[in-house]
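Below: the structure, in structure tokens.
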Amino acid sequence: MLGHRPVPAGARVLRPPPATLVATPRDVEPALPPGVERIAVGDGRVDLGALLEALRARGVRSVLVEGGSEILASFLRERLVDRLTVFVAPTVIGGRTAPALAGGRDLPPDGAVGLALDAVERLDDGVLLTWHVPADGSGRP
């Protein structure tokens, strides 16, 4: 997904094959290399629900979101997540400006997303945690 910041022209993600789709708001028209297709959804920012509908219409049934804290928070806030996997590294980063899992606008207490733990896997000195989001969002299986 692209907001208002461009992807560097030489980025590998823009080199086909396989097919590369770039999602942007309608008002952002990036210069894209041949073979890269644009999906324009939303005004001012990408409409995530509309993006997932457009991908589903193309036969896409699973999406991996790897992004920063704001994009992850947006998917969580809009209840577009059914599974969350987090790697906890053996490194502590802290402070007021340290990155958060869910950034951007605050999730209000009544908008908190409940999770139910599915798996804990040790990977070297880190841990991979996997949760699912119960249909009722309660955090209970």
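Taken over the range 72-92, the criterion of being more than 16 Å from residue 126 (Cβ to Cβ) and not aliphatic (A, V, I, L, M) is satisfied by 74, 75, 77, 78, 79, 82, 83. If I ask for residues that are surrounded by fewer than 12 Cβ atoms within 10 Å (Cβ to Cβ) and hydrophobic (A, V, I, L, M, F, W, C), which ones from the range 64-85 would you list? 64 - this is the single residue of the range 64-85 that is surrounded by fewer than 12 Cβ atoms within 10 Å (Cβ to Cβ) and hydrophobic (A, V, I, L, M, F, W, C). In the condition set (1) exposed (fewer than 12 other Cβ atoms within 10 Å of the Cβ); (2) under 23 Å from residue 52 (Cβ atoms); (3) of a type outside the set (Ser, Thr, Tyr), residue 94 is compliant with all but (2). Do we have residue 33 as exposed (fewer than 12 other Cβ atoms within 10 Å of the Cβ), at pLDDT below 90 and not assigned by TED's automatic domain parsing to the domain that holds residue 113 here? No.
Considering only residues in the range 9-27 that are modelled with pLDDT of 90 or more and either acidic (Asp, Glu) or in contact with a Gly (Cβ under 7 Å, 6 or more places away or on another chain) (or both), the one that is nearest to residue 77 (Cα to Cα) turns out to be 25.
The values are calculated or read from the model by the stated rules, or taken from the named source; none is laboratory data. The structure displayed is predicted, hence computed values, not measured ones. A quick note on method: Cβ atoms are made from the backbone with ideal geometry, for glycine too, and the neighbour counts reach across all protein chains shown.
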